[in-house]
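Trainee: First, the structure itself, so that you have it in front of you.
Taken together, the values in this text are just the output of simple stated rules run on the coordinates, not laboratory data. Computed from a prediction, not measured in an experiment: that's the story for all the values here. Glycine gets a Cβ as well: all are built from the backbone with ideal geometry, and neighbour counts include every protein chain shown.
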Amino acid sequence: MTHPRKKNIACWFDDSAQRYGQNPALFVDEAFYTYAILHEQAARIGSAIQRLDPAPEDQIVALYAYRSFTAYSALLGILFAGKGYTPLNPLFPVTRNCHILNLSQARIIIIDRHCEEHALPVLRDCSNDILVFLPDHDELPQWTEDYDRHNFLVRQDLAKQDPLLERPAENKAEIAYLLFTSGSTGVPKGVIVLHENVNRFVASMIARYEPTPEDRFSQNSDLTFDASVYDMFVCWGAGACLYSIPQKIRMAPAKFIQEHELTFWESVPSIIGFMKRMYLIKPDCFPSLRWSIFGGEQLSVSAVQLWQEAAPNSRIDNSYGPTEGTIAITGYLWQPETSPAECHMGIVPIGLPYDQQEAAIFADDIRQESDGARGELCLSGEQVTPGYWQNEQETKKHYIALPDHQGGTVRWYKTGDLVIWKEKIGFVYLGRKDRQLKIRGYRAEILEIEYIVSKGAQSAHVAVLGWPETESGVNGVVAFVSGSTVANQEILQYCARNLPSYMVPTAVHRLAELPVNANGKTDLAQLKEMLSALSA
């Protein structure tokens, strides 16, 4: 089926459900679910949303569900109803989830049994009265009596709903999902992703990898990480089965890959290093894999060679793309014989843009196309998202119009990533232009972490560095504090209450004064030397 630009992305699943209804679509919580079963539950949830909240399209529905049948059926149900979804994460602090729920202006939230306990303080503190779906309950749980400003629906209410009469492809919504990333002011920043953005991406990936209904895809990413969309809709678009990896083994999934004979693997590269340290990677240990896709961090030559030995039958693709470019927008296919010579300082290139997408370096509004050109990577094409949710200032800052070869202008997204252009190879990633970090694949603003550390320490004299450094980025952050009387443990506890776990400093170091450079700014290089000395 040809997918017009603005068709609902759920039609990738819907088409496969019509063709492969009795095939397994999902493996989660040690159980398989067929396309027909997943489709029926999604359709009932979508029907309930449409009938109980017939608001204009592009209304956002919040999803507080984690690695469960309810999580996936609810996500599809939201899309079926013509709404966009915004995921909340039980691993994030209550304050962050409450921020996201309030910013999204969602009037409906769907909660599964895994997230129920975490959701209660969010329901208590959120600013809006909300319609709460509890698909895992037959009757209203007792705790709902304490939340009488909200309305609740349980499994029996959903069972009474007739399935949707129209296919999801007929819906007119433009927003597919709203993902919130780290923001420099301490408040999460929402990226609006349209159906046309995702449709272009999924079509490109299916053409690139040629998945089949016999394939078995990994789902290693949380729903709050856009790589999850990669897994779900490329898999379901092919009629294949998605295997959701349990949280407790996400960083050490070797046995899971082997037992289920996965054929598609997608994750951040840091998992390779983690499994290496646990002695879980051995030559030929993943013979079933035929594609391995890595993204979100730098991929080192040593890591890709180790993985290639472990998965000798797999092709390896190093993909690149910020959320604003819809999951991944460039890729580099690893060739064991020739690729090592094409790498730069031990880092695998991020390659060339996908079909109908553009990537370029600009200097003084002039496109730099000579071999060896360096600069900030800018992106254009159908995958580039429209901007930030109710944040015109940030949208104007990062989405700009630049001249094209025909004398007109083209809209570009400024990634903040520094790259070098290499003829016939593509782009090689060099690092960040600003103070943004990639922590185990998650993008984080150092300014946000410093803002929270400053509030916790009750001092304006703070600095945060990514540490320890790895081949693919950093594994965490540490904080330096001056002029604070608050105990280190209290500072860390405050951070844990207000930041996702990957952004919480692993340590706080006290200094009488933060070092400064010749420009009077905090001397980050000197702080890094201190960390190196402490680690020696």
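Trainee: Over segment 358-422, what is the relative contact order in percent, taking alpha-carbon pairs closer than 8 angstrom and at least six residues apart?
Mentor: This gives 40 percent for segment 358-422.
Trainee: Also, I was wondering about something else. Arrange Asp364, Asp317 by Cβ neighbour counts within 10 Å, fewest through most, would you?
Mentor: So the residues, fewest neighbours to most, are Asp364, Asp317.
Trainee: What is the pair-distance distribution P(r) of segment 34-196, computed from all Cα-Cα distances in 5 Å bins starting at 0, with each bin given as a whole percent?
Mentor: 2, 9, 19, 23, 22, 15, 7, 3, 0, 0
Trainee: Relative contact order for the chain using alpha-carbon pairs under 8 Å, separation at least 6, rounded to a whole percent?
Mentor: Once divided by the residue count of the chain, the mean separation gives 12 percent.
Trainee: While we're on this one: Take the alpha carbon gyration tensor of segment 436-535, find the square roots of its eigenvalues, order them as a ≥ b ≥ c, and report rounded if a/c is under 1.5; if not, report prolate when a/b exceeds b/c, else oblate.
Mentor: Since a/c reaches 1.5 but b/c is at least a/b, the shape of segment 436-535 is classed as oblate.
Trainee: If you count the DSSP beta bridges with both ends in the chain, what percent of them are antiparallel, to the nearest 5?
Mentor: 65 percent
Trainee: Let's test this: bin the Cα-Cα distances of the chain at 10 Å from zero up to the farthest pair and state each bin's percent.
Mentor: 4, 18, 28, 28, 17, 5, 1
Trainee: When only C-alpha pairs under 8 Å and at least 6 residues apart count, what is the relative contact order of segment 34-196, in percent?
Mentor: 25 percent.
Trainee: What per residue convex hull volume, in Å³, do the alpha-carbon atoms of segment 238-311 yield?
Mentor: Given the Cα convex hull of segment 238-311, per-residue volume reads 94 Å³.
Trainee: Calculate the length of the line joining the C-alpha centroid of segment 348-386 to that of segment 272-301, in whole Å.
Mentor: Cα centres, segment 348-386 to segment 272-301: 28 Å.
Trainee: Restricting to segment 34-196, what percent of DSSP beta bridges are antiparallel, rounded to 5?
Mentor: 30 percent
Trainee: Compute the separation of the alpha-carbon centres of segment 48-99 and segment 444-488 and state it in Å as a whole number.
Mentor: With segment 48-99 and segment 444-488 each reduced to a Cα centre, they are spaced 32 Å.
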